Amino acid sequence: MSLTTGFIGLGAMGAAMARNLHRAGLLTTVWNRTAAKAQDLAAELGIQASTEPASLAAQCDCVVLCVSADADVLAVVDRLLPGLRAGTLVIDMSTVSRDTACLAAARIAAHGGQFLDAPVSGGVEGARQGTLSIMVGGDTRHLDRARAVLEAMGSRITHMGPVGAGQATKAVNQVMAAGINQAVCEALTFAGALELPLEKVIEVTGAGAAGNWFLQHRGPTMTRGQFAPGFKVALHHKDLCICQAMAKALDCTLPLADMTLADYRRLMDAGHGEADISALYLEKTERTP
Ligand code: NAP
């Protein structure tokens, strides 16, 4: 049976994910903090914009969230609880901490609802194309119910364990993303200093063992000085703070994350917090004579 689904958080990722749910015939209603975004998308898709998270929850079998950070997820969960019907499934696709996933799950369970944490990787391109990689934490029976909803947005859906395991996996992903960003920006800055043709460097290295998604999608734009998001510096900074806190609790170190946090801090102080994370290239090139 298909689930009537409402979507909360129509940002760079959420708007594209909601469009894919609409294409799959699952989207009933949307809500966004800045109401105009919900009204515009609802008008485009011929669906209804809800005025409150609680009224959205009251109309849906499934509520999908994609908002910014830990406090935002918990604030939205608290605002939808008054309308939550028993058995409604809430899927949080934001990137937040494992602890936040557990807190949200407990609040939703106390109101008779079900919860999955299902953070994503694949960037705004993956969100648009419906090819996200989705890392799921929670009860497998809830995942079985959610499968058609998740399949509308992603091409790989992987159950990682109990509630919080999706977010723990995403934390691992974000440390990897930091390292890849560092490697690509440093290498292309080096290529520039060597006065090599950057487009050809991206093409030839991208076709070999050093090839990767970030180089392919962000290499051409960063070397042209274009940093439209994408994935914002401030959001990756938020994710790496989560990773740092988790690592500290486990007594392990994440030197790459530490270095990237310091670089992002400088970028944010210089007014680049809303730029794509490939703006790290600016940091590298400005420090290269
Ligand atoms: P974004 O463009 O900044 O959008 C954030 C969305 O969250 C907006 O709709 C915003 O509403 C809403 N929001 C923020 N705080 C809120 C609050 N307190 N109450 C209600 N709504 C709130 O961010 P994004 O790039 O779509 O990212 C969303 C999530 O996906 C983040 O957790 C991010 O880390 C994760 N993610 C992003 C990417 C990427 O490439 N962009 C990839 C994977 C995962 P307003 O419109 O009112 O501001």
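The values are calculated or read from the model by the stated rules, or taken from the named source; none is laboratory data. Remember, predicted model here, so these are calculated numbers, not experimental data. As a convention, Cβ positions derive from the backbone with ideal geometry for all residues, glycine included, and neighbour counts pool all protein chains shown. Areas reflect the complete protein model, heavy atoms only, side chains present, ligands, DNA and RNA absent. Shrake-Rupley method; radii C 1.70, N 1.55, O 1.52, S 1.80 Å.
From its DSSP helices (H runs of at least four residues, each -39,500 (n - 2.57)), the chain gives a residue-normalised ellipticity at 222 nm of -17000 deg cm²/dmol. To the nearest ten degrees, helix 70-80 and the longest principal axis of the Cα atoms of the chain are 20 degrees apart. Cross-link partners for LYS238 among the lysines, with Cα-Cα distance under 16 Å and sequence neighbours closer than 8 places in the same chain left out: LYS170, LYS248.
Across the chain, the longest run free of exposed loop sites, meaning trypsin sites (Lys or Arg not before Pro) lying outside DSSP classes H, G, I, E and B with no more than 12 other Cβ atoms within 10 Å, spans 1-223. Annotation: the antiparallel percentage among DSSP beta bridges lying fully within the chain is about 15. For the residues PHE115, PHE231, PHE190, a GNM of the chain with alpha-carbon springs under 10 Å puts the largest fluctuation on PHE190. Can you tell me how segment 201-254 classifies by the Cα gyration tensor, rounded, prolate or oblate, using a/c under 1.5 as the rounded cut? Verdict is oblate for segment 201-254. Computed from Cα positions, the angle between helix 35-45 and the longest principal axis of the chain comes to roughly 80 degrees. For the set MET160, MET1, MET268, the ranking by accessible area, highest first and with no ligand, DNA or RNA atoms included, is MET1, MET160, MET268 under a 1.4 Å probe. Can you give me the angle between helix 255-269 and the longest principal axis of the chain, using Cα atoms only, in degrees from 0 to 90, rounded to the nearest 10? Once rounded, the angle reads 90 degrees.
Taking 0.36 nm per intervening residue step and subtracting the Cα-Cα distance, what contour gain separates ALA36 from ASP72 on full extension? Write out the running numbers ahead of the final one.
Details: separation 36, 0.36 × 36 = 12.96 nm, distance 1.87 nm.
Roughly 11.1 nm would be gained on extension.
Projecting label points 7 angstrom from Cα along Cα→Cβ for LEU196 and ARG23 puts them 3.6 nm apart.
In square angstrom, what is the accessible area per residue of the chain with a 1.4 angstrom probe? Each step should come with its number before you reach the end.
Details: 12970 Å² over 289 residues.
I get 45 Å² per residue for this part.
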